[in-house]
Amino acid sequence: MASGVLLQGHPGLASGATPAAGDPGWVTLLSATATQGAVAEIADLPKFVKLGAAATDPITLEGVQ
């Protein structure tokens with residue numbers, strides 16, 4: 001199995017609380033293997049971001065406001 005990352009995002013809850021890990025609102029933003037290179041652009045990040053269960057490598061998020 002190749003190592004990689006699974007980055008998931010959630011737009012947020014009406015209550016303002018942090019969504020639970022199993023909340024159905026989480027969607028995949030990026031699914032990448034180690035062979036896909038070190039940099040990937042995600043045009044619009046949602047309010048919450050997490051590493052999915054399939055993540056095996058660390059990631060660094062960098063952004064421009």
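Each reported figure results from applying straightforward, stated rules to the coordinates on display, with no laboratory input. Please read these numbers as outputs of a predicted model, since none were measured by experiment. All Cβ positions, even for glycine, are placed from backbone atoms using ideal geometry, and neighbour counts span all protein chains on display.
Would you check which residues across the range 13-22 are farther than 25 Å from THR56 by Cα and surrounded by 10 or more Cβ atoms within 10 Å (Cβ to Cβ) and list them?
Within the range 13-22, the first condition is being farther than 25 Å from THR56 by Cα, and the residues that meet it are 13-17.
Selection gives LEU13 alone.
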Criterion: polar (S, T, N, Q) and part of a helix (DSSP H, G or I) - qualifying residue of THR18, THR28, THR35: THR35
